[in-house]
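Colleague: So that we are looking at the same thing, I have put the structure below in structure tokens.
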Amino acid sequence: MNQTASTLYGMIVEQPVLFGVFVFWLGCCIGSFLNVCIWRIPRGESVVTAPSHCPRCGHQIRWYENIPLVSWLALRGKCSGCREPITIRYFIVELITGILFVLVFAKVVYLGWPLTFLPLYFGLIMLAVCTTFIDFKHLIIPDRITYPTMLLGVLSALAFPETWRQASHLLAGAYSIFTLLGCLAVMWSVSFLGEKIFRRDAFGLGDVKYITALGACLGPFATFSILLIASVIGTAAGVSLALARRQALSGIAIPFGPFLAVATCLWIGGDYFILSWVGALLPPVP
Ligand SMILES: [Zn+2]
């Protein structure tokens with residue numbers, strides 16, 4: 001750990017609540033941006049240009065109406081122009097993102113892991129939150145959220161090789177790219193064969209790209225574990241839904257993305273705890 005990083009670490013350990021509140025607020029602000037992504041990306045709109053406006057009356061959202069959590073509560077969930085209800089999704093996305101940010105921050109600090117894990121984890125939380133809400137509603141996982149995450153994985157490995165338990169920048173970057181290509185090849189084949197043999201989609205292409213992005217960020221072992229956790233939760237949810245509706249399981253179509261997202265959050269929050277529980281399959285982070 002270099003001098004600046006260890007000084008920052010010392011400050012965090014001295015003032016954990018202050019930094020915790022800051023990270024929570026950062027997460028809420030990112031959540032506010034994710035709300036824009038969740039609304040605009042499936043509609044093919046830009047997420048940077050054009051200021052936010054009410055979809056009903058066109059009222060432009062002013063800065064003080066755009067403060068995470070606070071504004072939604074202050075406006076009592078209604079547009080100040082036309083009193084059209086604003087979905088509680090805005091509030092929930094901001095709150096969930098804030099909570100997830102502070103949880104992974106707490107884990108990293110508690111375990112004494114390098115803070116350089118944080119950009120990677122925060123990026124994955126953004127991917128997970130967007131995927132949950134977009135896939136649930138539109139049954140797609142857009143390239144515009146999976147491709148940037150793949151890039152984040154490769155860049156993070158190159159910049160912070162310790163997140164891949166490596167000393168060499170080039171080697172960590174190479175591992176990330178290699179895992180990316182490997183996941184793409186394996187998942188695409190599974191998707192292709194599943195369609196040929198079972199005549200139904202095992203995975204959509206969006207799922208394949210999501211899993212590939214996980215590979216680039218976290219490596220093969222974590223990706224496999226997340227896929228396993230997602231499949232277990234997904235199957236349990238599918239069976240419960242089939243039982244509740246008294247339908248055949250084959251007739252139930254639910255998007256896989258939200259389960260991948262939940263499994264991703266469980267993994268990045270609990271990987272160390274899960275691994276030490278199953279008997280420490282991986283060496284600890286240096
Ligand atoms: Zn309005």
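Colleague: Restricting to the range 148-161, name every residue that is over 12 Å from residue 216 (Cβ atoms) and crowded, with 16+ Cβ neighbours inside 10 Å.
Modeller: 160, 161 - these are the residues of the range 148-161 that are over 12 Å from residue 216 (Cβ atoms) and crowded, with 16+ Cβ neighbours inside 10 Å.
Colleague: Here is a further query. Which of the residues spanning the range 150-174 are of a type in the set (Gly, Ala, Ser) and either touching a helix residue (DSSP H, G or I) at 6+ places or on another chain (Cβ under 8 Å) or in contact (Cβ under 8 Å) with a residue 40 or more places away in the chain (or both)?
Modeller: 153, 156, 157, 159, 167, 168, 172, 173
Colleague: Those residues that are farther than 22 Å from residue 208 by Cα and assigned to a helix (DSSP H, G or I), I need them from the range 125-163; list them, please.
Modeller: Correct list: 158, 159, 161, 162, 163.
Colleague: Related question: Looking at the range 81-104, I want the residues that are in contact (Cβ under 8 Å) with a residue 12 or more places away in the chain and in a loop (DSSP other than H, G, I, E, B) and have a partner that is of a type in the set (Lys, Arg) and surrounded by fewer than 22 Cβ atoms within 10 Å (Cβ to Cβ) with Cβ atoms under 8 Å, at least 6 apart or on another chain. Which pairs are those?
Modeller: 82/56; 84/56; 84/78; 86/78
Colleague: State yes or no: is residue 135 more than 16 Å from the ligand (Cβ to nearest atom), in the same structural domain as residue 266 (by TED's automatic domain parsing) and surrounded by fewer than 16 Cβ atoms within 10 Å (Cβ to Cβ)? Reasoning before the result, please.
Modeller: Values: more than 16 Å from the ligand (Cβ to nearest atom): yes; in the same structural domain as residue 266 (by TED's automatic domain parsing): yes; surrounded by fewer than 16 Cβ atoms within 10 Å (Cβ to Cβ): no.
Taking the combined requirement at face value, the residue does not satisfy it.
Colleague: Which of (1) out of contact with any Ser or Thr (no Cβ under 9 Å at 6 or more places or on another chain); (2) not in a loop (DSSP other than H, G, I, E, B) is the odd one out, the single condition residue 56 does not satisfy?
Modeller: Residue 56 satisfies all of (1) out of contact with any Ser or Thr (no Cβ under 9 Å at 6 or more places or on another chain); (2) not in a loop (DSSP other than H, G, I, E, B) except (2).
Colleague: Can you run down the residue pairs with Cβ atoms below 6 Å, 6 or more apart or on separate chains, where the first is in the range 45-62 and under 21 Å from residue 75 (Cβ atoms) and the partner is outside any loop (DSSP other than H, G, I, E, B) and near the ligand (Cβ under 9 Å from one of its atoms)?
Modeller: Hits for this filter: 60/53.
Colleague: Which condition does residue 94 not pass, out of (1) touching a Lys or Arg at 6+ places or on another chain (Cβ under 6 Å); (2) surrounded by 19 or more Cβ atoms within 10 Å (Cβ to Cβ); (3) of a type in the set (Asp, Glu), if it passes all the others?
Modeller: Among (1) touching a Lys or Arg at 6+ places or on another chain (Cβ under 6 Å); (2) surrounded by 19 or more Cβ atoms within 10 Å (Cβ to Cβ); (3) of a type in the set (Asp, Glu), the lone unmet condition for residue 94 is (1).
The values are calculated or read from the model by the stated rules, or taken from the named source; none is laboratory data. All of these numbers come straight from a predicted model, not from anything done at the bench. Ideal geometry is used to build each Cβ from the backbone, glycine not excepted, and the neighbour counts take in all protein chains shown.
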